[in-house]
Structure formats: structure tokens, C-alpha cells
Amino acid sequence: VREADEVIDSLRSQNSILSSKLTKLNMELAAKSEMETPAPAAAVPEDMRRELEELRAANAELTARAARLQEEAQKLVLAGYEAAAAAGELPQAVFEGIPVEIPKDASNGDYASSFAMQAAKTLRRAPRMIADAVVRHMSLEDSLFSSVDVAGAGFINFHLGHRWFEAVVADIAAEGAD
């Protein structure tokens, strides 16, 4: 678990470094062009243009990865709700746009959903009761998450599992020493 936390911290740090480099390069490009718009491609040194493109590609890949994990968490919440409703533990309703985000505090999991708070009025149940029922009926089998828990008033917190870490390490190894 500690190794997994270290990998998460390292990935967050790398994402922060990439974002900082991208911002710095954009500022350098704007300063070199002495305009508010980016400089024409011919005025930008080739090595800087190449590094900027690499950073943009890395940023796009990280953004896509985060979006896939967010979508997986949304599907898990919805499936857990539907199973709880089918079991008669929660009333039937239709929900779209399940809220899932990356918590600011890593102790609240890797992803968190406030679905229970959103659904409380519609279902006429306490958010904590909704979250407990959803999590009880949630299956993490074949997901990239190893565990899910309920915190506070009804936040559903997801924790990334070994499958996700293995995929990240394999991607890093495939990229090589660059």
C-alpha cells in the first residue's frame, strides 16, 4: 500500500511538473514573439517546439487516462445504485451525470463521488444511507479500483488498485529512459 501511495504521489508530481513546463514554454513562446498570440512556427526554435509538442502529448495522455478512470467510477456508482434499487433497498429513479472528481485531499481516495448527496432529494433518503446501499451493491471485479468506502455525509471514495499501478508501470517501462 505504501508503494502504491508513493507511485500515486510520483504520478501527481510528474503531472504537476509537466503542467509547469507546458506553462513555462507557452510563456517563453509568447515573450519571444512579443505578441499576445503564439509565435509563428518558423520563429520558434525546433528543440523548443519539439519539447512543447511532447509536453502537450503527455498532458493529453494524462487527461485521457483521468477521464477513463472518472468514467469507470461513474459506471460503478450507477451500477451500484441500480443493483440497490433492484434489491428494493432504494427507490427507482433515473440519474444522468453521476458526479465524480479527484479529491483535493488524497486521504479521501483517488476519486470521489457526491452522488448520494445529489440523489438524496429525489430518493427521499439520507445521503449516507444511499451511499452505504450503493457501495454494498457495487462490484469492483474487473475494475481498476481495489476498494471503495463511504465517508462523511455520504461521499463514495474510490481507491486505485494493483491493476492500475501495473498498467502505469508497464507504460513507463515501454517508454524507456526518456
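Have a look at Phe145, Phe165, Phe155 and point out the one that is more than 18 Å from Arg68 (Cα to Cα) and aromatic (Phe, Trp, Tyr).
Being more than 18 Å from Arg68 (Cα to Cα) and aromatic (Phe, Trp, Tyr) holds for just one of Phe145, Phe165, Phe155, which is Phe155.
Give the stretch 93-125 a look and list any residue that's among the charged types (D, E, K, R) and surrounded by 15 or more Cβ atoms within 10 Å (Cβ to Cβ), or say none.
Matches in the stretch 93-125: Asp110, Arg125.
I'd like the residue in the stretch 153-178 that is open to solvent by 40 Å² or more (accessible area, probe 1.4 Å), touching a helix residue (DSSP H, G or I) at 6+ places or on another chain (Cβ under 8 Å) and not aliphatic (A, V, I, L, M) and, out of all such residues, is modelled with the lowest pLDDT. Can you show your working first?
First, the residues of the stretch 153-178 that are open to solvent by 40 Å² or more (accessible area, probe 1.4 Å): 153, 155, 159, 162-163, 166-167, 169-178.
Next, from what is left, pick out any that are touching a helix residue (DSSP H, G or I) at 6+ places or on another chain (Cβ under 8 Å): 153, 155, 162, 169.
This time we only want the ones that are not aliphatic (A, V, I, L, M), so: 155, 162.
Details: Phe155: 96, His162: 81.
Applying the filter and picking the extreme gives His162.
Filter the stretch 138-152 down to the residues that are polar (S, T, N, Q) and open to solvent by 60 Å² or more (accessible area, probe 1.4 Å) and list them by number.
Answer for the stretch 138-152, where residues must be polar (S, T, N, Q) and open to solvent by 60 Å² or more (accessible area, probe 1.4 Å): Ser139, Ser146.
Here is a check on your reading of the model: is Glu54 more than 19 Å from the chain's Cα centre (by Cα), within 30 Å of Glu28 (Cα to Cα) and at pLDDT below 95?
Yes; evaluated as a whole, the condition is true for this residue.
Val135 passes all but one of (1) modelled with pLDDT of 95 or more; (2) farther than 11 Å from Leu76 by Cα; (3) buried (at least 18 other Cβ atoms within 10 Å of the Cβ); which number fails?
(2)
Residue under question is Ala58, and the condition is that it be loosely packed, with under 15 Cβ neighbours inside 10 Å, touching a helix residue (DSSP H, G or I) at 6+ places or on another chain (Cβ under 6 Å) and touching a residue at least 12 places away in the same chain (Cβ under 8 Å); does it hold? So that I can check it myself, show each step before the final result.
Numbers: loosely packed, with under 15 Cβ neighbours inside 10 Å: no; touching a helix residue (DSSP H, G or I) at 6+ places or on another chain (Cβ under 6 Å): yes; touching a residue at least 12 places away in the same chain (Cβ under 8 Å): yes.
No, not satisfied.
Please work out which residue is surrounded by the most Cβ atoms within 10 Å (Cβ to Cβ), limiting yourself to the stretch 29-51 and to residues that are assigned to a helix (DSSP H, G or I) and modelled with pLDDT under 70.
So the residue we want is Leu29.
The values are calculated or read from the model by the stated rules, or taken from the named source; none is laboratory data. Quick caveat, the model's predicted, so the values are computed rather than measured. In this analysis, Cβ positions are derived from the backbone assuming ideal geometry, glycine residues included, and neighbour counts consider all displayed protein chains. Note: accessible area is taken over every heavy atom of the protein model, side chains too, but ligands, DNA and RNA are not part of it. Shrake-Rupley method; radii C 1.70, N 1.55, O 1.52, S 1.80 Å.
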